[in-house]
Structures are given as structure tokens and as C-alpha cells.
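The values are calculated or read from the model by the stated rules, or taken from the named source; none is laboratory data. Just so it is clear, the structure is predicted and the values come from calculations on it, not from any experiment. FYI the Cβ positions are ideal-geometry reconstructions off the backbone, even for glycines, and counts take in every protein chain you see. All accessible areas refer to the heavy atoms of the entire protein, side chains included, with ligands and DNA or RNA removed. Shrake-Rupley method; radii C 1.70, N 1.55, O 1.52, S 1.80 Å.
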Amino acid sequence: ARSPDADDTIDARATGRSRSPLGSGESAAPDAEEAAFWGQLEYRVCAEVEGLPDRALRRYWCDGFEPREYRLADAPPQILGRVWLDEEEWTFVLLLPDAIADGTTIPWASLLPAPGMTEWLSFDVEARELVLEPAAAVPDDAG
């Protein structure tokens, strides 16, 4: 991912509906739909990790997300931040659908992978990075 210009980044405290340079101080708390998304994503990650074939990765239960940068003009659009896995601070990248790049409201509910869907989550244990790509989700044939 390229490093964005100030115009490409939305402060983590912004709602996703307005653009402001990172650190401008002129931003609001996330709206209720966004706040609900992050809480539901935490539980969805825990459920996905439980079903991973690699038993060593099953210990990484999720204990919360902190979105910090909304890079909607990147290709692909993405949100970066911190996530706590197994009581350790990691980074995360949430890859968004390309349609979000036009600056419209983020459809939070549609980003949450449905139960029974898999292959939308990947780990880089060495770098302590979690990558989430809801659009890559496929039905879990093992379930």
C-alpha cells in the first residue's frame, strides 16, 4: 500500500462520511453502525480462528480493534489500525471493496463476513499483522 497524501486519509475518529487530514482534530466519534461493526468483527474473528486448520493459530483470540487510518483513496481502499490478539498488540489491515473509494458512506453491516464463510482472514505471525478481506470470503465446506 502506498503512503497516502493527507487528502487520502480519514482520521480514525471520523465517521467515514467526511474527509479530513490525519490528526486535524476536527473529527467525531464513530457512529453507532460503525461501532457495532467493530464489536461484531471481534467476535467473528474469534469464531474464524476457532475453526482454523493450523492449531498453532487457534490460540490467537481477538480482544478488540482500534481503527486508526481510513485510506479510502488507496487501491484497494483500506482501514489500518491496532488489534489485540492473545493479549498482544498487532496491526490490522481491513481491505474494503473498490466501490468505497468514491468517498461514500461505508456500508458497515455488509463488510461483516457471514457465519459459515471462511478464507477472509490471514495472519502474519512474524510481523504481528492481521489482514481481513471480507470480499474474499467463500463458503466453508468443512462445516
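Tell me, which residue of the stretch 31-42 that is touching a residue at least 24 places away in the same chain (Cβ under 8 Å) and open to solvent by 30 Å² or more (accessible area, probe 1.4 Å) is farthest from PHE123 (Cα to Cα)?
So in the stretch 31-42, the residues touching a residue at least 24 places away in the same chain (Cβ under 8 Å) come out as 33-34, 36-38, 40-41.
Next, only the ones that are open to solvent by 30 Å² or more (accessible area, probe 1.4 Å) stay: 33, 36, 40.
Working: GLU33: 26, ALA36: 23, GLN40: 19 Å.
Looking at residues that are touching a residue at least 24 places away in the same chain (Cβ under 8 Å) and open to solvent by 30 Å² or more (accessible area, probe 1.4 Å), I get GLU33.
Just give me the residues in the stretch 117-136 being free of Cβ contacts under 8 Å to residues at least 40 places away in the same chain and in contact with a strand residue (DSSP E or B) (Cβ under 6 Å, 6 or more places away or on another chain), in sequence order.
The answer is GLU119, SER122, GLU129, VAL131, GLU133.
So which pairs qualify, if the first residue must be in the stretch 85-99 and on the phi > 0 side of the Ramachandran plot, the second must be loosely packed, with under 11 Cβ neighbours inside 10 Å, the Cβ gap must be under 6 Å, and the two must be at least 6 apart or on different chains?
Once the first residue is on the phi > 0 side of the Ramachandran plot and sits in the stretch 85-99, its partners that are loosely packed, with under 11 Cβ neighbours inside 10 Å give ASP86/ARG59.
Is it fair to say PHE92 is assigned to a strand (DSSP E or B) and modelled with pLDDT under 95?
no
Of all residues in the stretch 90-113, count the ones that are more than 15 Å from the chain's Cα centre (by Cα) and closer than 16 Å to LEU41 by Cβ.
Matching residues across the stretch 90-113 total 0.
Can you spot a residue in the stretch 123-130 that is under 14 Å from GLU42 (Cα atoms) and assigned to a strand (DSSP E or B)?
Our first condition is that a residue be under 14 Å from GLU42 (Cα atoms); within the stretch 123-130, this holds for 130.
Still in the list and also assigned to a strand (DSSP E or B): 130.
Yes, the conditions are met somewhere in the stretch 123-130.
Can you tell me which condition ALA56 does not meet? The list is (1) part of a helix (DSSP H, G or I); (2) at pLDDT 95 or above; (3) not charged (D, E, K, R), and all the others hold.
(2)
Among the residues that make up the stretch 78-99, is at least one of them surrounded by fewer than 20 Cβ atoms within 10 Å (Cβ to Cβ), more than 17 Å from ALA135 (Cα to Cα) and among the hydroxyl-bearing types (Ser, Thr, Tyr)?
Yes, the stretch 78-99 has at least one match.
Could you tell me whether ASP74 is surrounded by 16 or more Cβ atoms within 10 Å (Cβ to Cβ) and either farther than 17 Å from GLU33 by Cβ or acidic (Asp, Glu) (or both)?
Answer is yes for this residue.
So which residues in the stretch 43-71 are open to solvent by less than 20 Å² (accessible area, probe 1.4 Å) and among the small types (Gly, Ala, Ser)?
Passing the criteria: only GLY64.
Of the conditions (1) open to solvent by 40 Å² or more (accessible area, probe 1.4 Å); (2) in contact with a helix residue (DSSP H, G or I) (Cβ under 6 Å, 6 or more places away or on another chain), TRP120 satisfies every one except a single condition; which number is it?
Going through (1) open to solvent by 40 Å² or more (accessible area, probe 1.4 Å); (2) in contact with a helix residue (DSSP H, G or I) (Cβ under 6 Å, 6 or more places away or on another chain) one by one, TRP120 breaks only (1).
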